[in-house]
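The structure appears right after this line, and notes come after that.
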Amino acid sequence: MAGCQIGLPQPAPQLNYAFAPAPPGAKPGTCWGRHDVPAVIETVTEQIMLQPAEVMSDGTVLAPAVFKTETRQQILRERRETWFERPCDDVMTPEFIATLQRALAARGHYSGAVSGEMSAKTLRAIRAYQAAQGLDSAVLSLAAARKLGLIAVARSEG
């Protein structure tokens, strides 16, 4: 799928945005995005005392303490993978993208020209809009599209 993104701005280096066929158990015919946040790992180095110093009662050191250096990796934050439903490619027409740009501009997230193209400014605006809702991704989620009033909310039957 990487070939489809030629010409699009690349996401921030520490993040991976992916279009994926679907997560396990997804409804057929739905389109999905995946947002990966890498784990944060810290290298911790400690001095471990193997043998205490031998000290006489007058304070004379007969033998210094013996230490060993121990280095280990510690996970500060686990890797997170977030799947979210997104509008399918057939929905993402120039007309839809222009409407998206206008909706984002009305909410103060987009200041570029209404071009109908998924520009770098548009991607930044999508990310800014969705970050406030807990999804730090430049891939438009279906939930955000619905909240912007761009896609009808499906009514449940019953």
Determine, yes or no, whether A143 is hydrophobic (A, V, I, L, M, F, W, C), surrounded by fewer than 11 Cβ atoms within 10 Å (Cβ to Cβ) and touching an Asp or Glu at 6+ places or on another chain (Cβ under 8 Å).
no
Just the residues that are in a strand (DSSP E or B) and either touching a helix residue (DSSP H, G or I) at 6+ places or on another chain (Cβ under 8 Å) or among the hydroxyl-bearing types (S, T, Y) (or both), please, taken from the range 73-94.
T82, F84, E85, R86
Within the range 50-105, the residues that are touching a residue at least 12 places away in the same chain (Cβ under 8 Å), of a type in the set (A, V, I, L, M) and loosely packed, with under 10 Cβ neighbours inside 10 Å are L50, L76
Just for the range 1-35: of the residues that are surrounded by 14 or more Cβ atoms within 10 Å (Cβ to Cβ) and under 14 Å from the mean Cα position of the chain (by Cα), which one is modelled with the lowest pLDDT?
L15
Report, ordered by the first and then the second residue, all pairs with beta carbons closer than 9 Å, sequence separation of six or more or different chains, a first member in the range 133-145 that is touching a residue at least 40 places away in the same chain (Cβ under 8 Å), and a second member that is of a type in the set (S, T, N, Q) and assigned to a loop (DSSP other than H, G, I, E, B).
L135/S141; S141/Q133; L142/T30; A143/Q133
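The values are calculated or read from the model by the stated rules, or taken from the named source; none is laboratory data. None of the values given here were measured: they were computed from a predicted structure. Virtual Cβ from ideal backbone geometry, glycine too; neighbours counted across all protein chains shown.
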